[in-house]
């Protein structure tokens, strides 16, 4: 259990994308990512307006920030509460282990 878990008093739904046998992301016939059923996780949700630089160089206005512990490994393009993760910051403890995540959606 992470030290930050006791501060996570809210819940959110996290949807991971589906991977095929070769480890590639599965797309539907319209080119959209296919997601697995949502999992409920403990989190801390804050409303915060911030400009986020995405991996393809676009600047997008983020309206929400989430803090989650290490109980679920997160990746960009996962969805939290139906919104795709724009930026994912890994929080590392003094031993070099993952303590949790700071996520902007």
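The values are calculated or read from the model by the stated rules, or taken from the named source; none is laboratory data. Everything quoted here is computed from the prediction, not taken from an experiment. Backbone-built Cβ (ideal geometry, glycine too); neighbour counts: all protein chains shown.
Details
- When residue 46 is tested against (1) surrounded by 14 or more Cβ atoms within 10 Å (Cβ to Cβ); (2) in a strand (DSSP E or B), just one condition goes unmet, and that condition is (1).
- Filtered residue count, the range 55-97, keeping only those that are farther than 21 Å from residue 25 by Cβ, without any contact (Cβ under 8 Å) to a residue 60 or more places away in the chain and surrounded by 14 or more Cβ atoms within 10 Å (Cβ to Cβ): 4
- Residues of the range 15-35 satisfying the condition of being in a loop (DSSP other than H, G, I, E, B) and closer than 25 Å to residue 99 by Cβ: 16
- Residue list for the range 75-95, restricted to those being at pLDDT below 90 and farther than 18 Å from residue 61 by Cα: 75, 93, 94, 95
- For the range 17-37, the condition holds for no residue, the condition being that it is surrounded by 10 or more Cβ atoms within 10 Å (Cβ to Cβ), within 29 Å of residue 94 (Cα to Cα) and within 12 Å of the chain's Cα centre (by Cα).
- Qualifying residue in the range 7-14 (condition: in a loop (DSSP other than H, G, I, E, B), in contact with a strand residue (DSSP E or B) (Cβ under 7 Å, 6 or more places away or on another chain) and crowded, with 16+ Cβ neighbours inside 10 Å): yes
- Meets criteria (out of contact with any strand residue (DSSP E or B) (no Cβ under 7 Å at 6 or more places or on another chain) and at negative phi) for residue 99: no
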